[in-house]
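The values are calculated or read from the model by the stated rules, or taken from the named source; none is laboratory data. Given the structure is predicted, the values throughout are model-derived calculations rather than measurements. We place every Cβ from the backbone using ideal geometry, glycine too, and count neighbours over all the protein chains shown. To get the accessible areas, we keep the full protein, side chains included, count just its heavy atoms, and leave off ligands, DNA and RNA. Shrake-Rupley method; radii C 1.70, N 1.55, O 1.52, S 1.80 Å.
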Amino acid sequence: MRIAVFASGNGSNFQAIAEAIASKQVDATICFLFCDNPKAYAIDRAKKIGIPYTVFSPKNYDSRVAYETELLEQLEKKEVDLVVLAGYMRIIGPTLLTAYANRILNIHPSLLPCFPGKSSIRDAFEANEKKTGVTVHFIDEGVDTGPIIAQEEVAILSEDTLDSLEAKIHQVEHRLFPQVIQELIENKTIKKSE
Ligand code: GAR
């Protein structure tokens, strides 16, 4: 299975997937990391691990269609089967969605449909929820919507701080995301590129 990982920031999920591949827990190859942000720490991680990366910003394109057409060309050139959004903070438009229907996965730090958006861990914490969690789902045209593949709960304990909750959630993400990717590969749910 040939994977491209999209990230906008820290890239810890990207690294977790790369490590799971290196230790043969996931039977795949990361063709490249794509970043929409030249300052993303994910790029430093790619350099350290030795995974090719591509970086360009939508700001340099006239439209989302033009930006995504460039991305699609890269995906097709590298014969990518599956796109993995790991902290990629943009909505995917119809250009990529149509070409990669049911082949774009996202991870989100809440029990969707609760707390979509960019500050989900904080939102759940400040809402005094007793639990939150992690969701892996296929994407559609919405923000953090689309068919859910797996969810795992994380308890919010009275002694938790926002930092400790974030740490617990990331720990679950780093285990769950590679696990779900491998399950999809084994179940042959993802149709390979032709
Ligand atoms: C992760 O917690 C991921 O679930 C979240 O961004 C973080 C990226 O961390 N994604 C979203 O909120 C998507 N709406 P990372 O860059 O260290 O992998």
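Would you call Asp81 open to solvent by less than 80 Å² (accessible area, probe 1.4 Å) and within 16 Å of the ligand (Cβ to nearest atom)?
no
Sort out which residues of the stretch 114-152 are of a type in the set (A, V, I, L, M), crowded, with 17+ Cβ neighbours inside 10 Å and in a loop (DSSP other than H, G, I, E, B), and write them in order of number.
Ile139
Taking the stated definitions as given, is Leu111 of a type outside the set (Gly, Ala, Ser) and buried (at least 21 other Cβ atoms within 10 Å of the Cβ)?
Numbers: of a type outside the set (Gly, Ala, Ser): yes; buried (at least 21 other Cβ atoms within 10 Å of the Cβ): no.
The answer is no for Leu111.
With the structure loaded, tell me whether Val172 is assigned to a helix (DSSP H, G or I) and in contact with a strand residue (DSSP E or B) (Cβ under 7 Å, 6 or more places away or on another chain) or whether it fails that test.
Yes; evaluated as a whole, the condition is true for this residue.
Return the total of residues in the stretch 20-44 being open to solvent by 40 Å² or more (accessible area, probe 1.4 Å) and free of Cβ contacts under 8 Å to residues at least 60 places away in the same chain. Steps first, answer last, please.
To start, the set of residues in the stretch 20-44 that are open to solvent by 40 Å² or more (accessible area, probe 1.4 Å) comprises 22-25, 27, 29, 37-39, 41, 44.
From what is left, the residues that are free of Cβ contacts under 8 Å to residues at least 60 places away in the same chain are 22-24, 29, 37-39, 41, 44.
Going through the stretch 20-44 one residue at a time, the tally reaches 9.
Out of all the residues in the stretch 57-78, is one or more of a type in the set (D, E, K, R) and either under 24 Å from Ala167 (Cα atoms) or within 16 Å of the ligand (Cβ to nearest atom) (or both)?
There is no residue in the stretch 57-78 that is of a type in the set (D, E, K, R) and either under 24 Å from Ala167 (Cα atoms) or within 16 Å of the ligand (Cβ to nearest atom) (or both).
With the structure loaded, tell me whether Lys168 is more than 15 Å from the chain's Cα centre (by Cα), open to solvent by less than 80 Å² (accessible area, probe 1.4 Å), at pLDDT 95 or above and among the basic types (Lys, Arg) or whether it fails that test. Spell out how you get there, then give the answer.
Working: more than 15 Å from the chain's Cα centre (by Cα): yes; open to solvent by less than 80 Å² (accessible area, probe 1.4 Å): yes; at pLDDT 95 or above: yes; among the basic types (Lys, Arg): yes.
Considered against the rule, which asks whether it is more than 15 Å from the chain's Cα centre (by Cα), open to solvent by less than 80 Å² (accessible area, probe 1.4 Å), at pLDDT 95 or above and among the basic types (Lys, Arg), Lys168 comes out as yes.
Which is within 26 Å of Val26 (Cβ to Cβ) and away from the ligand (no atom under 11 Å from the Cβ), of Ala150, Ala155, Ala127?
On the way: Ala155 fails: within 26 Å of Val26 (Cβ to Cβ); Ala127 fails: within 26 Å of Val26 (Cβ to Cβ).
Unique residue meeting the criteria: Ala150.
Can you work out which of the residues in the stretch 3-30 that are within 15 Å of the chain's Cα centre (by Cα) and away from the ligand (no atom under 13 Å from the Cβ) is farthest from Glu70 (Cα to Cα)?
Among those that are within 15 Å of the chain's Cα centre (by Cα) and away from the ligand (no atom under 13 Å from the Cβ), it is Ala20.
Which members of the stretch 61-98 meet the condition of being of a type in the set (A, V, I, L, M) and over 22 Å from Val180 (Cβ atoms)?
Selection gives Val65, Ala66, Leu71, Leu72.
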